[in-house]
Every structure is written in C-alpha cells, then in structure tokens.
Amino acid sequence: MARTHGRLRCWLSPGDSTYVSSNIGRSKTTCRPVYGRRTSPEFTDLNLSLIQAAYSWPPTLDQAANSEERAEWLSLWQEILDGTCERFTSADDDDSHGTPYPWDRWVFDRVATLILDMTINEQPQVYWEKILSIGPIGHYWIEDFFLSWFRRGLAAGSPQSFVCEWRRMAERAFTLPQWNLEERKHWYDHQRVWWYLLGINQHLVNCWGKEQQILITGMKDIYERWTNSHLEEPMNALQFAAFLRLPATDGIRLDGILWLDRHSPQTDKEYWGEYNIQDIVAELLDKCWMDQRSQLRRKAEQFAAFKNLLTRLAAFQNPLALELQRRIAQAQ
C-alpha cells in the first residue's frame with residue numbers, strides 16, 4: 001500500500017499517515033454487543049474518524065493512476081471490510097449485535113460502490129460474500145448494504161456489473177445455511193434479509209421505475225425460486241404482493257399471482273388476517289385487471305390463479321375484492 005499511503009500525505013499530517021500505514025493491516029476488532037443500540041467496531045489503537053476521513057477521498061476505481069494503484073485500493077478495502085465484519089465471526093449465534101455504527105454504514109456504502117466498479121477478474125464476490133456470510137444475526141448491516149447497492153446501482157442505470165453481481169449474490173444466498181434457517185430463532189430477521197436482497201422491501205420502492213422492467217424480468221427464475229420456499233409465511237406474501245404492484249414488475253406480475261395462489265392457503269384466517277395483506281393483494285389483482293386484462297385472459301393458468309385469489313378475498317368480505325368481482329361480472 002506504499003503508493004496509496006504516499007498519496008495520503010496530501011491529506012494527513014506525517015504523523016497521521018504513519019499511524020494509518022502501520023496499523024490498518026494488523027488491527028483487530030472487538031465489540032461490546034448491546035441489543036437495540038449501536039455498537040462500534042473498536043479497531044485496536046485506531047481512530048476510526050481518522051481512517052474514515054483519510055480514505056473517503058479515493059474516487060472510482062477507473063480513476064486509479066495505474067493497475068498497481070487500483071489493486072492497492074482493492075486490497076485496502078478488503079482489509080477494512082474484513083475488520084468491520086469480524087464481530088460476526090463467533091460461533092455462538094449471538095443475536096445481540098445491536099445496530100450499525102456510522103463507520104459500518106460508511107464502509108458498506110463504499111464497498112457497494114466498489115463492487116459496481118470491479119471487473120469479474122477482480123473477484124467482487126470476495127467482498128459481497130463477506131457481507132452475506134453475516135446472516136440474519138446482523139440483518140441491519142445487510143440491509144444497509146443492499147440499500148446502498150440498489151440506490152447506487154439503479155441510479156447508475158443498472159450497469160452490467162450490477163446485473164451480474166446481483167444474480168450471483170442471490171444464487172449464493174440460496175446455498176448459505178444461515179440464509180436458509182429451519183429453526184425460528186431468527187425467523188423474522190431471516191425474512192428481512194431476503195426482502196432486501198431481492199429488492200422487495202418497501203424502503204426500496206422508490207428505486208424501481210418502469211425502465212427496470214427488463215432487469216426484473218431477467219431475475220424471474222430467482223423470484224420464483226424464493227417464492228417456492230417462502231410464501232407460506234404471510235409477511236413474505238405481503239412484501240411480494242406489494243412489490244408486484246410496481247411498474248417495474250410488469251414482466252413477472254402474472255406469474256407472481258400464480259405463485260401467490262400456489263403457495264398461500266385457501267382459507268387460513270391467521271394467514272389472511274396478517275395486517276394489510278388482504279388489501280395489498282386486492283390492489284395487486286385490481287392493477288392486474290386494469291393494466292393487463294387481455295394478457296391475463298390469454299394465460300389460462302394465471303387467470304385461474306387470479307380468480308382463485310379474488311374469490312378467496314371476497315370470501316373474507318374484502319371491499320375492493322367484492323367491487324372487482326362486480327366489475328368483472330359486468331364486463332362479461
């Protein structure tokens with residue numbers, strides 16, 4: 001890192017530069033976990049504000065002076081990410097890590113940008129696998145990463161690096177034990193990390209526009225794979241149905257209705273009693289009928305699923321479902 005640290009001398013006093021150079025690579029992190037409160041990674045003998053100020057300056061990777069400097073920047077950020085994630089390496093399944101510190105959010109935001117700028121030969125999976133391996137016990141950290149990932153990637157026009165690495169992340173998550181829990185200790189947190197990885201959490205609604213329809217359609221197999229094992233939980237169904245109302249999902253909406261019908265119970269009052277789920281699914285069906293009626297009628301299996309869900313909601317006396325049934329009957 002000699003060249004990178006040399007450039008830092010423009011930003012740091014000589015004493016500070018030596019301090020960063022001699023400690024960033026051999027620091028250890030400790031953390032006092034306090035549930036529900038922010039927990040700071042305590043890099044031994046390091047001032048996090050100093051490091052953050054020093055390394056906030058590098059622009060995008062393509063602005064590195066040469067390939068050697070580019071590699072140095074990548075190596076530096078890998079060390080910083082490793083140190084930041086070290087608190088989650090214990091095997092005690094501790095769920096009291098609290099919430100991210102500003103340092104953590106800064107690191108994950110920078111890493112999200114970094115991955116978008118990397119080539120496949122630079123092994124971006126090394127960075128995002130470190131984050132995915134945290135699992136549900138650190139769901140706040142994973143959520144912060146994907147908030148940055150989608151906001152930056154979609155704002156940049158969904159470059160090929162975004163499309164490729166997003167798919168690779170999802171495919172990898174399906175294979176990670178901590179992302180596919182059988183026990184219920186972290187069940188809610190387990191659901192949340194998937195919502196953020198798939199971009200269906202309501203905090204990400206404003207990121208999706210009509211121009212991302214091709215991107216979402218290209219991920220159809222990923223969404224179907226997730227629904228096959230997750231829609232039996234009403235909160236997952238609620239999030240997914242809300243997502244399917246967006247213009248970006250036009251290409252998977254009809255299949256999404258099929259998946260919802262296939263994996264949701266017919267008459268389970270507890271399932272359909274989940275807060276707002278009836279209204280959201282009814283709104284989805286209404287949008288489908290308003291915008292894709294002709295296409296829906298040509299797809300027998302999807303149209304049957306549409307009618308099944310509508311009948312189910314009408315049986316619960318959902319007002320919009322009853323109104324939609326009336327409109328459909330009048331149109332025939």
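The values are calculated or read from the model by the stated rules, or taken from the named source; none is laboratory data. What you are looking at is a predicted structure, and each value in this text was computed from that prediction instead of being measured. Counting neighbours? That spans all protein chains shown, and the Cβs are built from the backbone with ideal geometry, glycine included.
Some points to look at:
- Flag if L181 is of a type in the set (A, V, I, L, M), surrounded by fewer than 20 Cβ atoms within 10 Å (Cβ to Cβ) and either touching a Ser or Thr at 6+ places or on another chain (Cβ under 9 Å) or not assigned by TED's automatic domain parsing to the domain that holds I252 (or both): yes
- Selection within segment 174-225 - in contact with a helix residue (DSSP H, G or I) (Cβ under 7 Å, 6 or more places away or on another chain), modelled with pLDDT under 95 and among the acidic types (D, E): D189
- Looking at Q292, Q330, just one residue is out of contact with any strand residue (DSSP E or B) (no Cβ under 6 Å at 6 or more places or on another chain) and either surrounded by fewer than 17 Cβ atoms within 10 Å (Cβ to Cβ) or among the acidic types (D, E) (or both), and that residue is Q330.
- Restricting E122, E143 to residues that are under 26 Å from L231 (Cα atoms) and acidic (D, E) narrows the list to E143.
- Being over 26 Å from I280 (Cα atoms) and either touching a residue at least 60 places away in the same chain (Cβ under 8 Å) or not assigned by TED's automatic domain parsing to the domain that holds R245 (or both) is a condition met by at least one residue of segment 185-196.
- Total residues in segment 156-171 satisfying the condition of being part of a helix (DSSP H, G or I), touching a residue at least 24 places away in the same chain (Cβ under 8 Å) and surrounded by fewer than 17 Cβ atoms within 10 Å (Cβ to Cβ): the figure is 5.
- Test: residue in segment 241-248 that is surrounded by fewer than 21 Cβ atoms within 10 Å (Cβ to Cβ), in contact (Cβ under 8 Å) with a residue 40 or more places away in the chain and in contact with a helix residue (DSSP H, G or I) (Cβ under 6 Å, 6 or more places away or on another chain): yes
- Within segment 144-195, the set of residues being among the polar types (S, T, N, Q) and at positive phi comprises S158 only.
- The helices (runs of 4 or more DSSP H) found wholly in segment 33-128 and carrying at least 3 residues that are surrounded by 13 or more Cβ atoms within 10 Å (Cβ to Cβ) and modelled with pLDDT of 90 or more occupy 67-85, 102-117.
- All conditions in (1) touching a helix residue (DSSP H, G or I) at 6+ places or on another chain (Cβ under 7 Å); (2) surrounded by 17 or more Cβ atoms within 10 Å (Cβ to Cβ) hold for E274, with the sole exception of (2).
- Residue count, segment 297-313 (criterion: within 17 Å of D250 (Cβ to Cβ) and over 30 Å from the mean Cα position of the chain (by Cα)): 4
- Checking each residue in segment 204-218 for being assigned to a helix (DSSP H, G or I) and either surrounded by 14 or more Cβ atoms within 10 Å (Cβ to Cβ) or in contact with a Lys or Arg (Cβ under 6 Å, 6 or more places away or on another chain) (or both) picks out L204, V205, C207, Q212, Q213, L215, I216, T217, G218.
- Yes/no for I137 being over 12 Å from the mean Cα position of the chain (by Cα), crowded, with 18+ Cβ neighbours inside 10 Å and in a helix (DSSP H, G or I): yes
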